[in-house]
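Worksheet for the structure shown next.
The values are calculated or read from the model by the stated rules, or taken from the named source; none is laboratory data. Fair warning: this is a prediction, and the values are worked out from it, not measured in the lab. Because the Cβ atoms are built from the backbone with ideal geometry, glycine has one as well, and the counts that use them run over all protein chains shown.
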Amino acid sequence: MKLFGKCKLYLLALCLFFVYFKPVPHINVFSIGDSTMCNYDIAQLSKDNGGRNYPLRGWMMMMPKFFDKHVLVHNDAVNGKSSKNFRTEGYWKKVIDSVSAGDYVFIQFGPNDMSKDTNRHSDPRTTFRQNLINYITEVQAKGAYPVLFTSVTKRHFDAKGNLKETFGDYVQVPREIAHERNIPLVDLNKLTRELVQRLGPKKSKKLYLFIKPGKFTQLPNGLQDSTHLCAYGAKQFAKLAADDLKQTKLLPLADYIK
């Protein structure tokens, strides 16, 4: 009888544990986009540059720092891809085949769609717009949640120190689609423009890939890149994205943003 009583107490405790301490399922976040978003093999880049820590980063590389342990980030953005060739070259199929109900898909395209290369180019008001809508529709068909992102700004200032607008309709169209279809939007172009403008032409260099001559063996003359991000810049841009995502109250994802 004593053994039976202990078993009852054990089962009761077990039931209470599962009632009050239900394990929180993992949330998958997939991201598709271009070189400003993607992962880089830093070990290989550093090896090619004298074994030093090469600073190139995509902002989505830094996003796991802003989620808690319940969020799994799958950064599937690829260098050089547009909304067109991300699909035509087979990258999208691998992503959408992995997406399940309840997952999130972050979508950021635009800069490479501006290319004159016919394999990448799409017109902002026609094919680019339709490409984004197609991604959204296919994500929703899986019972998952699409989130649109406008492209991070380039660091291009005019003679008066004002930041130039370089993307035009390629950032305006995602804003319009998000409004029309009630899709969450992180206007990362606006947020990063505000940060870069606030820092100004000189201080904003610390966000981008500016490398002094002689630091890397493969870059004896250094590098001045106002498009791609260094580790510090990627982290700052990721923080802007995370803070804005939290403000959208996109549940349950927003609950797991630090």
Please specify each residue of the stretch 197-218 satisfying the condition of being of a type in the set (A, V, I, L, M, F, W, C) and more than 17 Å from R57 (Cα to Cα).
L199
Within the stretch 134-153, tally of residues that are part of a loop (DSSP other than H, G, I, E, B), surrounded by fewer than 20 Cβ atoms within 10 Å (Cβ to Cβ) and of a type in the set (A, V, I, L, M)
1
Condition test on Q197, is it more than 21 Å from the chain's Cα centre (by Cα) and either under 23 Å from A144 (Cα atoms) or without any contact (Cβ under 8 Å) to a residue 60 or more places away in the chain (or both)?
yes
Of (1) farther than 30 Å from D48 by Cβ; (2) touching a His at 6+ places or on another chain (Cβ under 6 Å), T137 satisfies all except one. Which?
(2)
Filtering the stretch 203-258 down to residues that are part of a loop (DSSP other than H, G, I, E, B), touching a Lys or Arg at 6+ places or on another chain (Cβ under 9 Å) and not polar (S, T, N, Q), which residue is modelled with the lowest pLDDT?
K215
Is one or more of the residues making up the stretch 36-51 under 20 Å from R87 (Cβ atoms), modelled with pLDDT of 90 or more and among the small types (G, A, S)?
no
Among (1) buried (at least 19 other Cβ atoms within 10 Å of the Cβ); (2) of a type outside the set (D, E, K, R); (3) touching a Ser or Thr at 6+ places or on another chain (Cβ under 9 Å); (4) not in a strand (DSSP E or B) - the single one F106 does not satisfy:
(4)
Looking at the stretch 80-103, which of the residues that are of a type in the set (D, E, K, R) and either in a loop (DSSP other than H, G, I, E, B) or closer than 20 Å to I183 by Cβ (or both) is farthest from the chain's Cα centre (by Cα)?
E89
Would you call N131 farther than 24 Å from D41 by Cα, touching a helix residue (DSSP H, G or I) at 6+ places or on another chain (Cβ under 8 Å), modelled with pLDDT of 95 or more and assigned to a loop (DSSP other than H, G, I, E, B)?
no
Does any residue in the stretch 62-76 that is surrounded by 15 or more Cβ atoms within 10 Å (Cβ to Cβ) come within less than 7 Å, Cβ to Cβ, of a residue that is of a type in the set (G, A, S) and assigned to a strand (DSSP E or B) six or more places away or on a different chain, and which pairs are these?
N75/S31; D76/S31
